[in-house]
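Accompanying notes for the structure given below.
The values are calculated or read from the model by the stated rules, or taken from the named source; none is laboratory data. Please read all numbers here as calculations on a predicted model, not as lab measurements. We place every Cβ from the backbone using ideal geometry, glycine too, and count neighbours over all the protein chains shown.
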Amino acid sequence: MNIYAIRAIYQFEMSRTWRTLMQSIASPVISTSLYFVVFGAAIGGRMVEVDGIRYGAFIVPGLIMMSLMTQSIANASFGIYMPKFSGTIYEILSAPVSPIEIVMGYVGAAASKSVILGSLILVTARLFVPFEIEHPLWMVIFLLLTAITFSLFGFVIGVWADGFEKLQIIPLLVITPLSFLGGSFYSISMLPPFWQKVALFNPVVYLISGFRWSFYGISDVSIAVSTGMTLVFLALCVSAVWWIFKTGYRLKT
């Protein structure tokens, strides 16, 4: 294992974050804070509790998970796309660095940024609503699993994209709608029976449900199913990255 190569890629990607703090950290935190103000105050005044939890506190896990997914994809996809765009990807591929070391560097940096952001949003949320975390260990596990999984997914998107427009297609047209429809702001038990069954086909439901369980001990689906679905998506992303390096898809051409 070439630790020096992993550290070099990781530090290079992390240094970009410190150079663009307003865009990378401050902007997502401020945007999420506005959700707390608008949804917590406006809607929370009409819908006081959901499943025995104050509405303002109920939406905290959903908002953190939504930001975590979008930022993990954005960080990882941009991180691998820029070397492709500038042509420096060939220097990385020709260096004595294995594919797993390249992935660990880029995905590790993207996941680290997302975890830092998620932690800041968690701290910021306490300024708006009081809440407790019943299962802190599970909360950390879901935080890390989601950050790593969607960073891998973002890595795949960054390799697939051949233009800056394509970097935004999946996050804007797929991930964001699935997040809003995945129970970020409500429990799917509030939906009519037919739409409850339809919602179960949304993979984001399992991520948000499991993360919310770690906070309040309530969930729309069992914690075992949520963990299993997260691991399945992680395995699919790992398989896609393995196939990319095996075939050289859009890396060597």
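Selection of segment 123-137 for residues being at pLDDT 90 or above and either closer than 16 Å to VAL103 by Cβ or surrounded by 14 or more Cβ atoms within 10 Å (Cβ to Cβ) (or both) yields ILE133, HIS135.
Would a scan of segment 142-149 turn up a residue that is outside any helix (DSSP H, G or I), of a type outside the set (Lys, Arg), out of contact with any strand residue (DSSP E or B) (no Cβ under 7 Å at 6 or more places or on another chain) and within 23 Å of SER112 (Cβ to Cβ)? Scanning segment 142-149, I find no residue that is outside any helix (DSSP H, G or I), of a type outside the set (Lys, Arg), out of contact with any strand residue (DSSP E or B) (no Cβ under 7 Å at 6 or more places or on another chain) and within 23 Å of SER112 (Cβ to Cβ), so the answer is no. Cβ-Cβ contacts under 6 Å between residues 6 or more apart (or on different chains), taken from a first residue in segment 75-90 that is touching a residue at least 12 places away in the same chain (Cβ under 8 Å) to a second residue that is of a type in the set (Lys, Arg) and surrounded by 14 or more Cβ atoms within 10 Å (Cβ to Cβ), are listed as ASN75/LYS113.
Exactly one residue among ARG126, ARG54 is basic (Lys, Arg) and without any contact (Cβ under 8 Å) to a residue 40 or more places away in the chain, and that residue is ARG126.
In the condition set (1) on the phi > 0 side of the Ramachandran plot; (2) buried (at least 21 other Cβ atoms within 10 Å of the Cβ), ILE157 is compliant with all but (1). I'm told VAL140 meets every condition in (1) surrounded by fewer than 16 Cβ atoms within 10 Å (Cβ to Cβ); (2) of a type in the set (A, V, I, L, M, F, W, C); (3) closer than 19 Å to ALA161 by Cβ except one. Can you identify the failing condition by its number? So the condition that VAL140 fails would be (3).
Among the residues of segment 161-182, is any buried (at least 19 other Cβ atoms within 10 Å of the Cβ) and more than 20 Å from the chain's Cα centre (by Cα)?
First, the residues of segment 161-182 that are buried (at least 19 other Cβ atoms within 10 Å of the Cβ): 161, 167, 171, 175, 179, 182.
Next cut, more than 20 Å from the chain's Cα centre (by Cα) only: none.
Scanning segment 161-182 turns up no residue that is buried (at least 19 other Cβ atoms within 10 Å of the Cβ) and more than 20 Å from the chain's Cα centre (by Cα).
Annotation: TYR216 fulfils all but one of (1) surrounded by 14 or more Cβ atoms within 10 Å (Cβ to Cβ); (2) closer than 24 Å to GLY79 by Cβ; the unmet one is (2). Scanning segment 203-253 for residues that are farther than 30 Å from GLU49 by Cβ, free of Cβ contacts under 8 Å to residues at least 40 places away in the same chain and within 15 Å of the chain's Cα centre (by Cα) yields a count of 0.
Does ILE3 count as touching a helix residue (DSSP H, G or I) at 6+ places or on another chain (Cβ under 6 Å) and at pLDDT 80 or above?
Details: touching a helix residue (DSSP H, G or I) at 6+ places or on another chain (Cβ under 6 Å): no; at pLDDT 80 or above: yes.
It is false that ILE3 is touching a helix residue (DSSP H, G or I) at 6+ places or on another chain (Cβ under 6 Å) and at pLDDT 80 or above.
Kindly check whether there is at least one residue in segment 183-199 that is over 19 Å from MET66 (Cα atoms) and buried (at least 19 other Cβ atoms within 10 Å of the Cβ).
Taking segment 183-199 and keeping what is over 19 Å from MET66 (Cα atoms), we get 189-198.
So of that shortlist, the ones also buried (at least 19 other Cβ atoms within 10 Å of the Cβ) come out as none.
There is no residue in segment 183-199 that is over 19 Å from MET66 (Cα atoms) and buried (at least 19 other Cβ atoms within 10 Å of the Cβ).
Within segment 64-97, if we keep just the residues that are of a type in the set (Gly, Ala, Ser) and part of a loop (DSSP other than H, G, I, E, B), the residue that is surrounded by the most Cβ atoms within 10 Å (Cβ to Cβ) turns out to be ALA95.
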